[in-house]
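The values are calculated or read from the model by the stated rules, or taken from the named source; none is laboratory data. Here the structure is a predicted model, which means the values were calculated and not measured. Positions of Cβ are backbone-derived with ideal geometry, glycine not excepted, and every protein chain shown enters the neighbour counts. Heavy atoms of the whole protein, side chains included, go into the accessibility calculation; ligands, DNA and RNA do not. Shrake-Rupley method; radii C 1.70, N 1.55, O 1.52, S 1.80 Å.
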Amino acid sequence: MREMFVAGSALNQTPMKWEENVSNIKRAIKEAQEAEVRLLCLPELCITGYGCEDWFLSDWVAEKAQSFLPEIVAETTDIAVCVGLPIWKEGKLYNVACLIDNQQIVGFYAKQHLANEGVHYEPRWFTAWENGTQSEFTFEGKSYPFGDYLFEAQGLKIGFEICEDAWVEDRPAKHYFERGWDLDVVLNPSASHFAFGKSLVREGLILPASKAYGFTYIYSNLLGNEAGRMVYDGDIIIAQEGELLQRSSRMSFKNVDLITAKVNFDGVSEKPTLNPDPKDKNTEFIKASSLAMFDYLRKTYSKCFVLSLSGGADSSTCAVLVGELVKRGLNELGLKRFLEKIHRADIFEELNKLSGEELRKALGKQVLVTAYQGTVNSSQDTLDSAQALAEEIGADFHHWLIDEEVASYTGKVETALGRKLTWEQDDIALQNIQARSRAPIIWMLTNTTGGLLLTTSNRSEGDVGYATMDGDTAGSIAPIAGVDKYFVLNWLQWAEEALNYKSLNHVNNLNPTAELRPLEQTQTDEDDLMPYFVIQAIERLAIKERKSPMRVFDELLKIELEPEALLKAHVIKFFRMWSRNQWKRERYAPSFHLDDFNVDSRTWCRFPILSGGFDQELRLLERA
């Protein structure tokens, strides 16, 4: 009876960070050997990192990756391991999985289907390998099978699908079955970006295939914020003939996350208790975002996050993400390893004297520096909201007024124009100067603390350009720009109870407002724009599904989202504001890809800065 432990390992890699990437690979192999694992699947392109982008087009990056193969091979005593790397062959670059067995290279499988949608542009760098084609590759003077082969290792017949290979109907597993290849196991090394609900989709690709074709399937994804924008959830799935044997608890803060299962390849495997892995959108958001921010902090060697904490929904969400980063990191890594990973081992002795809530808040003060930057138009409610949340997290909290700076800028322009600025004539200018006056001092605080400035833009603001460039958009990273404001508002309600942030009661009882007009004008975001649930509904049809203004209006009219005249006005306003504000989206700080689409012009959504602005389409809608 062939019964053995198999495993998948998620790795938190960084593009071209060679020593750490190879160290993680070796550590995964060692942990697997200690667990008596005989077959280990590592993620796609794990030697180089997946996100090298145009550096893949160089000759030296692939050569450098191959130079590490011998020392990885040397680590594989009594175990078979697949490791991912790029390989140039006859002038073309291939995305390859190298199978190693007991210190010997068995062969190389080349990816057959390249991701070329959404955030992926693999054909820019790689060539797809033709199904059924077999060749050879010479490495260190020896020739090895290269291409579409049935490999053997550890007494098992092994096939491959690399990430996108499993997402197409004409997948390699189907061809293995049609050829009559009697496979024991299919390995899928992946670099599959996180999106809400995507893990369940992966299960739907893996479990039915393993049942239909009668084999064991091992899926291993990358982990963490690898290159800046995309988050990888470290999903590991081990299935046998339609049964889920084991899976990871995704979004680990560890560099190496190993999951094992004991598989009977000649019978039925015993099904162990599965690791818990909540998949509701609220939980996925906090886990993915806090992990992405943790990696961004440590990989940029920043000492802390700095945040202009206004007391509103967006900045409060960013603050909670940092608070959860601290909680989760402490729970999973412990204080010593947490501080080592963020390059703050110097404060270990100081903090190690503390425990429990006292330790969490003390660490929170080290990791998050906040400032409430008030004006005459700011309310006591938002100050109370900001201060209460900062105290609950333990963040370092500062409070100052910027009226002097606003008055200085305004006075200079009034002198230049020869007239006083008024709210009736200069509304946008008087609003924007307040937001812009906050930027220099918060940047200065960031520079002096060695921090990383967070900007609080959300996706709905990105849609309609409801943000002040060089003002509230100032920052190095935009943690919530991948989600819409309607989600943010509902998530804060959930977080107050589910995550036990009682101070969120303040912000959850406020109407979202920029507080840039005089208080007596009772400014709110939705009065300036439209209801956030309407923006969300229009956005999904107009941007994700790319429907025309008329089609968007017709579909939303059917569900009676708003009265007809009001809905028409909202749709027209959305498309006009979208078109006018592409230049802003081009300049927003990098954001995390969290949903099944985003409006980041660097990744998912490309729109011209200059366009016709849907003029004819909107005139037709106005007359309808």
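List of remarks:
- Rolling a 1.4 Å probe over the protein heavy atoms leaves residue 55 with an accessible area of roughly 140 Å².
- Averaging Cα coordinates gives a centre for segment 266-300 and one for segment 385-452; these two points are 39 Å apart.
- Angle in degrees between helix 313-341 and the longest Cα principal axis of the chain, rounded to the nearest 10: 40
- Protection proxy ranking, peptides 377-386, 218-227, 555-564, average beta carbon neighbours within 10 Å, highest first: 218-227, 377-386, 555-564
- Sequence of 56, 265 when ordered by accessible area, the most exposed leading, probe 1.4 angstrom: 265, 56
- Between segment 109-142 and segment 593-608, the alpha-carbon center distance in angstrom: 26
- Whole-number percent relative contact order across the chain, with pairs defined as alpha carbons under 8 Å at least 6 apart: 11
- FRET efficiency, residue 92 to residue 596 (Cβ-Cβ, R0 41 Å, nearest 0.05): 0.85
- For the chain: accessible area per residue (Å², 1.4 Å): 40
- Ordering of 472-482, 396-406, 24-34 by burial proxy (mean other Cβ atoms within 10 Å per residue, highest first): 472-482, 24-34, 396-406
- Extension gain from residue 544 to residue 283, taking 0.36 nm per residue of separation minus the Cα-Cα distance: 91.6 nm
- With both residues required to sit in the chain, DSSP beta bridges show an antiparallel share near 60%.
- Rolled with a 1.4 Å probe across the full set of protein chains, the surface gives residue 105 an accessible area near 20 Å².
- Relative to the longest principal axis of the Cα atoms of the chain, the long axis of helix 403-417 lies at roughly 70 degrees.
- Against the chain, whose longest principal axis comes from its Cα atoms, helix 380-393 is set at around 30 degrees.
- Protein-only accessible surface order, largest first, of 412, 89 at 1.4 Å: 412, 89
- Rounded to 0.05, the FRET efficiency of the residue 58 and residue 104 pair, given R0 = 35 Å and the Cβ-Cβ distance, is 0.75.
- When you count the other C-beta atoms within 10 angstrom of each residue and take the mean per peptide, 136-142, 245-251 line up highest first as 245-251, 136-142.
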